[in-house]
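Asks: First the structure, which I've put down as structure tokens, then a few questions once you've had a look.
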Amino acid sequence: MKKLAVAVAGLGMIGRETVRLLRKRRAELRERLGAELTLVAVADRQVGREARALSLPGRVVRYADPVAMARSADADLFVELLGGFDAPRRFALEALGRGRSVVTANKRLLAYAWPQLARAARASGASLAFEGSVAGGIPVLRALELSFSGDRVLSLDGILNGTTNYILTRCEEGLTAAAALREAQEKGFAEKDSALDLSGRDAAQKLSVLAGLVTGGWLKPDSFPVAGIESVESRDVAYARQRLGKAVRLVARLRFAGSAAAPLVEAGVSATLVPLDHPLAAARRQYNALLVRTASAGDLMFYGQGAGAGPTASAVLADLFVTARDLLGGLPAPRPGPRPLQLAPPGSAVSGFYLRLEVIDLPGALARIAGALGREGVSIASIHQDLAAGARAVPVMITTHPAPRGRFELARRRILGLAAVSKRHCAMRILG
Ligand code: HSE
């Protein structure tokens with residue numbers, strides 16, 4: 001029986017689960033693959049302790065330095081589950097440089113080092129698989145890369161961050177955002193630095209990976225508008241639901257135009273009001289969802305757990321299986337190097353908007369706000385003033401008809417400059 005040797009770097013929550021599954025599913029994998037996937041090396045800062053906790057046999061070589069393992073371990077497949085950026089990048093480049101295939105679940109690595117990794121993989125003919133990097137256990141990357149080969153992907157709308165979805169949906173159930181974040185941290189969905197989740201940057205990195213797969217281009221995560229949920233309050237969630245019939249979700253979106261050779265991409269991440277009967281509104285708690293609109297197959301919805309050890313390790317195992325199968329049968333042609341991607345001007349995306357302001361209850365204040373929107377050609381769809389007896393500043397909730405984002409942003413800036421309006425506010429896109 002043929003053997004393929006596996007080395008795993010990073011024995012954190014996901015690394016440990018990957019090693020456990022690799023051993024637990026050994027017989028099934030062997031049967032389906034016609035070859036044995038054998039763990040030969042592990043790397044971790046606490047490698048002795050982790051190897052003991054996993055009861056790894058003595059023949060599994062232990063490394064404290066993952067890059068040293070990538071440089072010297074006698075493995076066919078190198079799995080990167082270290083977290084962070086520098087060490088994973090050096091690890092992946094070292095292994096790919098030796099012509100060894102790499103499996104990673106690191107979205108940040110893909111989002112920021114995509115061209116470098118693709119070049120290294122191309123040069124050595126090795127393969128790079130990263131199903132676990134976006135939407136955890138949902139097999140969305142392989143589907144986007146392969147399943148629409150004869151079709152055309154027109155747009156993607158996704159809930160790609162489990163932590164913010166957990167917070168927003170727990171707020172719908174009456175919890176405060178701070179308490180919901182603490183729960184998400186306890187459950188292990190949140191990033192070490194939860195600002196990455198809350199600011200939308202985690203979702204932006206994942207969007208960059210998705211755009212790369214669909215277009216073959218590199219969408220830099222800092223090159224498109226990204227706004228998170230920091231300014232969303234429980235009262236916005238309640239107002240959206242009760243008065244507007246909408247749910248608040250952090251939605252990452254891509255629209256593809258132009259030609260296959262010269263794609264034009266509109267990208268963005270923002271807190272978004274989604275109609276309650278929209279499929280994305282059905283994704284609750286830590287669940288992720290991706291709505292894919294295609295030219296021939298129509299609309300498709302992917303749904304599942306986007307974070308956590310089990311779902312991510314499941315995706316890593318799938319990558320190991322597919323890469324091992326390719327190694328045995330002949331690797332597919334490497335992905336072409338990234339091509340330039342043209343981004344649509346960020347202000348051109350058209351949608352309705354929600355704006356919650358804190359306004360001092362003075363004569364003429366609302367007229368000035370309406371005037372600022374009107375001056376930019378943004379038409380008001382609804383306006384609600386929440387009069388609390390005795391309060392100096394009252395919340396004013398406005399929704400607009402569809403308008404170019406750039407015009408809305410100009411109006412918003414002007415409104416926030418008004419003497420009667422506090423800087424504290426919340427702005428969201430409205431979908432549909
Ligand atoms: N912090 C991420 C999330 C983990 O909440 O979705 C998975 O990438």
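The values are calculated or read from the model by the stated rules, or taken from the named source; none is laboratory data. What you see is a predicted model; the values in this text were computed from it and never measured. Here the Cβ positions follow ideal geometry from the backbone for every residue, glycine too, while neighbour counts run over all protein chains shown. Surface areas here come from the heavy atoms of the whole protein model, side chains and all, with no ligands, DNA or RNA. Shrake-Rupley method; radii C 1.70, N 1.55, O 1.52, S 1.80 Å.
Asks: Please list, or write none, the aspartates and glutamates whose alpha carbon is within less than 18 Å of the alpha carbon of LYS24, excluding same-chain residues fewer than 8 places away.
Replies: In chain and number order, the partners are GLU36, GLU50, ASP319.
Asks: Shifting gears a bit: What residues of the range 402-419 lie in the reach of a label at ALA393, counting those whose backbone N is under 13 Å from a point 7 Å from the Cα along Cα→Cβ?
Replies: 416-419
Asks: Accessible area per residue for the range 350-430 in Å², computed with a 1.4 Å probe and the full protein assembly in place, what is it?
Replies: 48
Asks: At what distance in nm do the modelled label points of LEU362 and LYS423 sit from each other, each positioned 7 Å from its Cα along Cα→Cβ?
Replies: Reported label-point gap for LEU362 and LYS423 is 1.8 nm.
Asks: Let me ask something else. Taking a probe of 1.4 Å, how large is the accessible area per residue of the range 124-171, in Å²?
Replies: 25
Asks: Further question: Given a Förster radius of 22 Å and the C-beta distance between VAL322 and ARG26 as r, what FRET efficiency does 1/(1 + (r/R0)^6) yield to the nearest 0.05?
Replies: Efficiency for this residue pair is about 0.80.
Asks: Considering the options GLY406, CYS426, ILE380, tell which one lies farthest towards the positive end of the dipole of the range 378-431, charges being +1 on Lys and Arg and -1 on Asp and Glu at the Cβ, about the Cα centre.
Replies: GLY406
Asks: Within the chain, what's the longest run with no GluC sites (Glu not before Pro) in a DSSP loop and at most 14 other beta-carbon atoms within 10 Å? Give the range, please.
Replies: No qualifying site falls inside 231-432, the longest such stretch.
Asks: Measure off 7 Å from each Cα along the Cα-to-Cβ vector at SER124 and PHE85, then give the distance between these two points in nanometres to one decimal.
Replies: In this crude label model, SER124 to PHE85 measures out at 2.3 nm.
Asks: Let me ask another. Excluding residues fewer than 8 places away in the same chain, name every one of the lysines whose C-alpha is closer than 18 Å to that of LYS206.
Replies: By straight Cα distance, LYS206 reaches LYS107, LYS192, LYS220.
Asks: Residues of the range 220-261 with the amide nitrogen closer than 17 Å to a label point 7 Å from the Cα of LYS187, along Cα-to-Cβ, please.
Replies: Residues passing the 17 Å test: 248-250.
Asks: Any idea what the dipole of the chain comes to, in debye rounded to 20, about its Cα centre with Lys/Arg Cβ at +1 and Asp/Glu Cβ at -1?
Replies: 420
Asks: Taking the Cα centre of the range 111-217 as origin, work out the dipole magnitude from +1 charges on Lys and Arg Cβ and -1 charges on Asp and Glu Cβ, in debye rounded to 20.
Replies: 420
Asks: Per DSSP helix of 4 or more residues, -39500 (n - 2.57); summed, then divided by the residues of the chain. What does that give at 222 nm, rounded to the nearest 500?
Replies: The per-residue figure over the chain is -11500 deg cm²/dmol.
Asks: If the only charges are +1 at each Lys and Arg Cβ and -1 at each Asp and Glu Cβ, what is the size of the charge dipole of the range 350-430 around the Cα centre, to the nearest 20 debye?
Replies: 300
Asks: While we're here: Please sort through the DSSP H helices of the chain and keep those with an alpha-carbon extent of at least 20 Å along the long axis and a Kyte-Doolittle average not below 0.0.
Replies: Membrane-span-like by this criterion, though nothing is claimed about a membrane: 201-215, 309-329.
Asks: Run through the DSSP bridge list for the chain and note the antiparallel percent, rounded to the nearest 5.
Replies: In the chain, DSSP labels about 65 percent of beta bridges as antiparallel.
Asks: Oh, and also: Quick check: at a probe of 1.4 Å, how many percent of the accessible area of the chain sits on carbon and sulfur atoms?
Replies: After summing per-atom areas, the C and S share lands at 52 percent.
Asks: So, one more: So how far, in whole Å, is the C-alpha centre of the range 319-363 from the one of the range 117-160?
Replies: 11
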